[in-house]
Amino acid sequence: MEGKLIIFSAPSGAGKTTIVKRLLEKYGDKIAFSISASTREPRAGEVDGKDYYFISKEEFLHRIAKKEFVEFEEVYSGTFYGTLRSEIERIWEKGKAVIFDIDVIGGLHLKRKFGDNALAIFVQPPTLDVLIDRLRGRGTDSEEKLKERIEKADKELAYADQFDTILKNDNLEDACNEASDLLVNFVK
Ligand code: 5GP
């Protein structure tokens, strides 16, 4: 059975992870999070099999060869992220819609693949400067990694128009409320 997919994409730091977490708390009976596979190191507090399936690059490449991914990408140089087909099916089997926190290119790949079954939402930060402040404030990345994230974010902002909807995140509460409305409308 093909179910529905709700895709949240944005540059890193735009607030999409927070919005997705809020929606999961509120609509856990209707939606479930697509846990991506990633080759990066877990951050403090992240749990394998909850935030990501943290796997080695070798295993990731092996799974690409076995065609286990619906989409995958080398999001940062040397670091792979991908959506496993088994993950989407696991969630659909429970009768729930799949919710994604995924980068911009990955989001557009999924939209192209699943068409009207997918709602692709671009989360837009107020300005690039605000985005940079948020990324710095996190304090989780080295200066070099931070620079890479900022350069990528700058490029990604140009893809907003290709999404079904642009969700402005100037104020987190408003953005969460708007995201709730979009979700409820789409999954009903
Ligand atoms: P982070 O390292 O901050 O958790 O994630 C880095 C970027 O990779 C974020 O924009 C995140 O949404 C994205 N990402 C996470 N999972 C996937 C995935 O399965 N596929 C793709 N293409 N990007 C992903």
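The values are calculated or read from the model by the stated rules, or taken from the named source; none is laboratory data. Model, not experiment: these values are computed from the prediction. As a convention, Cβ positions derive from the backbone with ideal geometry for all residues, glycine included, and neighbour counts pool all protein chains shown.
Close Cβ contacts (under 6 Å, 6 or more residues apart or on different chains) running from residues in segment 6-21 that are among the basic types (Lys, Arg) to residues that are modelled with pLDDT of 90 or more and in a strand (DSSP E or B) comprise Lys16/Phe8; Lys16/Asp101; Lys16/Val123. If you go through segment 178-188 and keep only what is surrounded by 12 or more Cβ atoms within 10 Å (Cβ to Cβ), more than 16 Å from the chain's Cα centre (by Cα) and not aromatic (Phe, Trp, Tyr), you end up with Glu178, Ser180, Leu182, Val184, Val187. Working only within segment 76-103, note down all residues that are in a strand (DSSP E or B) and farther than 13 Å from Lys4 by Cα. Within segment 76-103, Tyr76, Thr79, Phe80, Tyr81, Gly82, Thr83, Leu84, Asp101, Ile102 meet the criteria. Count of segment 1-16 residues, restricted to those that are farther than 21 Å from Ala158 by Cα, assigned to a loop (DSSP other than H, G, I, E, B) and at pLDDT 90 or above, is 2. Quick one: is Gly106 in contact (Cβ under 8 Å) with a residue 40 or more places away in the chain and part of a strand (DSSP E or B)? No: the conditions fail for Gly106. Number of residues in segment 153-170 that are closer than 17 Å to His109 by Cα and in a helix (DSSP H, G or I): the value is 8. Looking at this structure, is Ala153 out of contact with any strand residue (DSSP E or B) (no Cβ under 8 Å at 6 or more places or on another chain), within 13 Å of the ligand (Cβ to nearest atom) and not acidic (Asp, Glu)? Yes: the conditions hold for Ala153.
Just checking, which of Ala32, Ala10 is within 12 Å of the ligand (Cβ to nearest atom) and not β-branched (Val, Ile, Thr)? Step by step, each of Ala32, Ala10 is checked, and only Ala10 is within 12 Å of the ligand (Cβ to nearest atom) and not β-branched (Val, Ile, Thr). Put simply, of Ile64, Ile55 the only residue that is in contact with a Lys or Arg (Cβ under 8 Å, 6 or more places away or on another chain), on the phi < 0 side of the Ramachandran plot and free of Cβ contacts under 8 Å to residues at least 24 places away in the same chain is Ile55.
Which ones in segment 38-49 are under 17 Å from the mean Cα position of the chain (by Cα), farther than 15 Å from Tyr76 by Cβ and either assigned to a loop (DSSP other than H, G, I, E, B) or among the hydrophobic types (A, V, I, L, M, F, W, C) (or both)? Selection gives Pro42, Glu46, Val47, Gly49. For segment 59-103, residues that are among the hydroxyl-bearing types (Ser, Thr, Tyr) and away from the ligand (no atom under 12 Å from the Cβ) total 2.
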